[in-house]
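Presented below is the structure to which this report refers.
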Amino acid sequence: MHDLRYASQILAAVKMKTAAGSAAGPITVNVRLSPFSHVRPEGLEETFRLLAENEGYRNVKLNINILEFNMHCRMCGRDSRHGGAVFACPHCKGQDFDIEKGDEFYIDKVEVR
Ligand SMILES: [Zn+2]
């Protein structure tokens, strides 16, 4: 149920921003999601929409960016960047590599217009 946890965090961020006296115009939330988070962007959007509408927020758009991650190949020693599933080193096709996963999810920015 990561979807719900992330959606709640986004909504909390939106509430904080709107409670600070901003106009209730269109709101855009930029979110970064790791390909390792086990959350599909469509699933997160849908969960968030339901949650937000339930609390009266109907004008919130999610901008979901998939985070890139670094892969270090143990065969050739080179690094490469990826935004999705990877099964082999793009340089040498080696399959012995480390992946730096980093954060799974974070909220980049909440824009209220
Ligand atoms: Zn390699």
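Here are the numbers:
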quantity	calculated
Search result, residues across the stretch 97-113 that are within 27 Å of Ala19 (Cβ to Cβ) and among the charged types (D, E, K, R)	Asp103, Glu104, Asp108, Lys109, Glu111, Arg113
Selection from the stretch 47-92 of residues that are exposed (fewer than 14 other Cβ atoms within 10 Å of the Cβ), hydrophobic (A, V, I, L, M, F, W, C) and within 15 Å of Ile10 (Cβ to Cβ)	Leu50
Set Gly102, Gly94, Gly84: member being at positive phi and among the small types (Gly, Ala, Ser)	Gly102
Close pairs from the stretch 53-73: first farther than 19 Å from Val112 by Cα, partner surrounded by 12 or more Cβ atoms within 10 Å (Cβ to Cβ) and among the charged types (D, E, K, R), Cβ under 7 Å, at least 6 apart	Leu67/Arg32; Phe69/Lys101; Asn70/Asp79; Met71/Asp79; His72/Asp79
Exclusive hit being buried (at least 16 other Cβ atoms within 10 Å of the Cβ) and in contact with a Pro (Cβ under 7 Å, 6 or more places away or on another chain), set Leu44, Leu33	Leu33
Test set (1) loosely packed, with under 14 Cβ neighbours inside 10 Å; (2) out of contact with any helix residue (DSSP H, G or I) (no Cβ under 7 Å at 6 or more places or on another chain) - His38 fails condition number	(2)
Every residue from the stretch 27-45 that is touching a residue at least 40 places away in the same chain (Cβ under 8 Å) and not in a loop (DSSP other than H, G, I, E, B)	Ile27, Thr28, Val29, Asn30, Val31, Arg32, Leu33, Gly43, Leu44
Matching residues in the stretch 59-113 - criterion: being within 16 Å of the ligand (Cβ to nearest atom), among the aromatic types (Phe, Trp, Tyr) and under 16 Å from the mean Cα position of the chain (by Cα)	Phe69
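Taken together, the values in this text are just the output of simple stated rules run on the coordinates, not laboratory data. Because the structure is a prediction, the values reported are computed rather than measured. For neighbour counting, all protein chains shown are included, and Cβ atoms are generated from backbone atoms with ideal geometry for every residue, glycine included.
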